[in-house]
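**Student:** Can you keep this structure in mind? I'll have questions shortly.
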């Protein structure tokens, strides 16, 4: 069900198990989306994270298939290693596109997974194993079965300047205050269209200093 939401272009808040400890969201407190969409990077930056549209996102990929999509054949469970997208997954760019610069160049799809492919074709990769994160692995595996792509976007479950959400109520507030479409709280799946607007919500964007 959740994999189909991602494949349909929805942005999903993913809250499972204990919170990560460290600088990266690793599938416990994550916002996830479809890396195949040329628009998803801009959508998630502007409507979810409330930051500049050019900021890059990182991929989560099934560990056993990482070498099929990236020039890397080792594990990277903590999203600390950078590797280029394989050449056979890159898109051919006409000469006129190669002359572009800045945002114009960024908006050109550079691979089959443009939402996580930087302008130099690199990506900061998280590999996912079933033994260490079974539910997150199963989600990506189901997405792969549906689409032929064992990769999803993974960014931290927060807005710009805010700490990563820890408790369910923090996840729900972040979900309601942004344009996320779906929230997965453990075994519960919430659709934004079924939720009532927040009552007397504060001007939350001033609660935390921007990075």
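Computed from the coordinates by the stated procedures, all read-outs in this text should not be read as laboratory data. Because the structure is predicted, anything quoted here is derived from the model rather than measured. FYI the Cβ positions are ideal-geometry reconstructions off the backbone, even for glycines, and counts take in every protein chain you see.
**Student:** Using 10 Å bins from zero, what percent of all Cα-Cα pairs in segment 1-97 falls into each bin?
**Tutor:** Calculated over all Cα pairs of segment 1-97, the distribution is 13, 38, 41, 8, 1 percent.
**Student:** OK, next. Springs between alpha-carbon atoms under 10 Å, Gaussian network over the chain: tell me which of 195, 112, 16 tops the mean-square fluctuations.
**Tutor:** With Cα springs under 10 Å in the chain, the top fluctuation among 195, 112, 16 is at 195.
**Student:** For the residues 67, 37, what sequence is obtained by ranking on other C-beta atoms within 10 Å, fewest first?
**Tutor:** 67, 37
**Student:** Report for the chain the percent antiparallel among DSSP-assigned beta bridges with both residues inside it, nearest 5.
**Tutor:** Among the beta bridges of the chain, antiparallel pairing accounts for roughly 75 percent.
**Student:** Could you put 26, 183 in order, starting from the residue whose Cβ has the fewest other Cβ atoms within 10 Å? Working shown, then result.
**Tutor:** Working: 26 20, 183 23.
Going from least to most buried by this count: 26, 183.
**Student:** I'd like the per residue volume of the convex hull spanned by the Cα atoms of the chain, given in cubic angstrom.
**Tutor:** 123
**Student:** Mind pulling the angle between the C-alpha long axis of helix 168-177 and the longest principal axis of the chain? Nearest 10 degrees, somewhere in 0 to 90.
**Tutor:** Approximately 70 degrees, to the nearest 10.
**Student:** Using Cβ contacts closer than 10 Å as the measure, can you line up 177, 29, 110 from fewest to most?
**Tutor:** So the ranking, lowest neighbour count to highest, is 177, 110, 29.
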